[in-house]
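Data block below; observations after.
The values are calculated or read from the model by the stated rules, or taken from the named source; none is laboratory data. All figures in this text were calculated on a predicted structure; none of them were measured in a lab. Using ideal geometry, Cβ is built from the backbone for each residue, glycine included, and neighbour counts are taken over all protein chains shown. Accessible surface areas use protein heavy atoms only, side chains included; no ligands, DNA or RNA. Shrake-Rupley method; radii C 1.70, N 1.55, O 1.52, S 1.80 Å.
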Amino acid sequence: MSSSTTDYEAPDIAAKAADYHAETDDLMGEKMVLNMGPSHPATHGVLRLILELDGEVIEKADPDVGFLHRGDEKIAESMHYNQFVPYTDRLDYLAPLANNVAYACAVEKLMGWELPPRGQAVRVLCCELARISSHMLGVGVCAMDVGAMTVFLYTFTEREKVYNLCEQLTGARFTTSYTRVGGQVRDMPPGFPDAVRVFLKECEVTIDEVGRLLDKNKIFINRMADIGVISKKQAIAWGLTGPNLRASGSTRDLRKDSPYLGYDKYDFDIAIADEGDCYARYQVRMEEMRQSIRICRQVLDTMPDGPVNLAHSKSMLPDKERVMMSMEELIHHFIVATQGIDAPAGEVYFGAENPKGELGFYIHSTGGGVPNRLKIRSPSFCNLSLCSKLLPGHMVSDIPAILGSLDFVMGECDR
């Protein structure tokens, strides 16, 4: 049987496409609308992004929030001030201790109370441990989203150590509900300061190790540098706070600008960068963890003696021992437990420098133990609102890097 060979010429697809584009006005083809989320690992929670794509390029992006809405602000209107503390755990559930402190400080501002020095120091320690825990998870997850899986294992291990400390201090690992209006549930247990010192030493080593893995990693830099750039003017105009604002060149930090809980007594630097891109936001969070370690060591070295709660206040629950031995203290306990704190009429706003940014509570009181109105200024909601302006022009593959660098949490955003 005779055999023959036939030559086939493969068309030049690129040249053909160029000829086609030259002959038609329909250069880009039909655009596609893509739903990213609400069940997607890169959205860091139940967030839905409605994307309009031109190939791989994002033309339009609309964040659709509200999937976790629980009506916390309305619930607060029917609860005593201390009864609302567990609900604050569920805001930024990656830093519940810091949420507890911010809310308690707002109510104490309404009452005109000031905590004893030891109570303030314990709260500062709680807030900075919460910042380390939150940033550890934020950096680890962001790195994992762009391919650096090993970093997540390092950072998640340190976060678990913080939870062990939370369990030792509060009795709970995740939803702590540790703070009360006027103080804390209890003082630090024996051995807790030494356990914190051991953690701080180990955490410092891990931060340096993560820096060695990522700071000069070519793949990580290519995925993060010059991506998701937010100018200083844009960040201020859109109400960004926290690390996202400071990575765009602004030095605003409530711990320095409006000191509370004695933050003015501690020596620390504000982490800042000028580039405003994803890599700058990563660098700011890394430096903030180092500064939090620095603050925690100062708190432990200068921890004052004395009570952690306000003493001899008719709006505070008396000691259990006195309640069991005195009829007057039992009546006092009953009134506070059933009627709540007797707050004066008025309006207050208190903002705290939380890991995600400025967490603020506005309280309108008409008197009595229940707020007439409570409004939460959640930093994640404000930071996320920039997505509609930030994502267009980027590739779909840039979304995990941008969302990871913004480091939002949907429980706080939807509240």
Exercise for review: Name every residue in the stretch 110-122 that is assigned to a helix (DSSP H, G or I) and either more than 19 Å from ARG173 (Cβ to Cβ) or free of Cβ contacts under 8 Å to residues at least 60 places away in the same chain (or both), in order of residue number.
Suggested key: LEU110, MET111, PRO117, ARG118, GLY119, GLN120, ALA121
Practice item. Please state which of the following conditions ILE376 fails to meet, knowing it meets all the rest: (1) without any contact (Cβ under 8 Å) to a residue 40 or more places away in the chain; (2) among the aliphatic types (A, V, I, L, M); (3) under 28 Å from SER405 (Cβ atoms). Key: (1)
Exercise for review: Taking the residues in the stretch 329-347 that are open to solvent by 20 Å² or more (accessible area, probe 1.4 Å) and touching a strand residue (DSSP E or B) at 6+ places or on another chain (Cβ under 7 Å) as candidates, determine which candidate is nearest to ASN99 (Cα to Cα).
Suggested key: GLU347
Exercise for review: Kindly check whether there is at least one residue in the stretch 176-191 that is over 24 Å from the mean Cα position of the chain (by Cα), modelled with pLDDT under 95, over 30 Å from GLY112 (Cα atoms) and of a type outside the set (Phe, Trp, Tyr).
Suggested key: yes
Revision key, fill the gap. Inside the stretch 143-168, the number of residues satisfying the requirement of being in contact (Cβ under 8 Å) with a residue 40 or more places away in the chain, touching a helix residue (DSSP H, G or I) at 6+ places or on another chain (Cβ under 6 Å) and open to solvent by less than 20 Å² (accessible area, probe 1.4 Å) is 5
Check your understanding: Counting just the residues of the stretch 54-97 that are of a type in the set (Gly, Ala, Ser) and not in a helix (DSSP H, G or I), which one comes out farthest from the chain's Cα centre (by Cα)?
Key -> GLY55
Exercise for review: State the number of residues belonging to the stretch 261-271 that are open to solvent by 20 Å² or more (accessible area, probe 1.4 Å) and under 19 Å from the mean Cα position of the chain (by Cα).
Suggested key: 1
Practice item. Show the residue pairs that are 6+ apart or on different chains and have beta-carbon atoms under 7 Å apart, the first residue being within the stretch 236-250 and open to solvent by 30 Å² or more (accessible area, probe 1.4 Å), the second being modelled with pLDDT of 90 or more. Key: ILE236/SER250
Study note, to complete from the structure: Selection from the stretch 127-180 of residues among the basic types (Lys, Arg) and either in a loop (DSSP other than H, G, I, E, B) or under 15 Å from PHE199 (Cβ atoms) (or both) yields ARG131, ARG159, LYS161, ARG173
Study note, to complete from the structure: Cβ pairs under 6 Å, 6+ apart or interchain, first in the stretch 265-293 and more than 25 Å from GLN234 (Cβ to Cβ), second hydrophobic (A, V, I, L, M, F, W, C), ordered by first then second residue, are TYR266/ILE295; PHE268/ILE295; MET289/ILE132; MET289/ILE207; GLN291/PHE268; SER292/ILE132; ILE293/LEU200
Exercise for review: Report yes if THR176 is farther than 17 Å from VAL409 by Cα, touching an Asp or Glu at 6+ places or on another chain (Cβ under 8 Å), open to solvent by less than 30 Å² (accessible area, probe 1.4 Å) and in contact (Cβ under 8 Å) with a residue 40 or more places away in the chain, otherwise no.
Suggested key: yes
Point to revise | Out of LEU115, LEU97, LEU125, sole residue that is open to solvent by less than 30 Å² (accessible area, probe 1.4 Å), of a type in the set (A, V, I, L, M, F, W, C), within 22 Å of MET303 (Cα to Cα) and in contact with a Ser or Thr (Cβ under 8 Å, 6 or more places away or on another chain) | key: LEU97
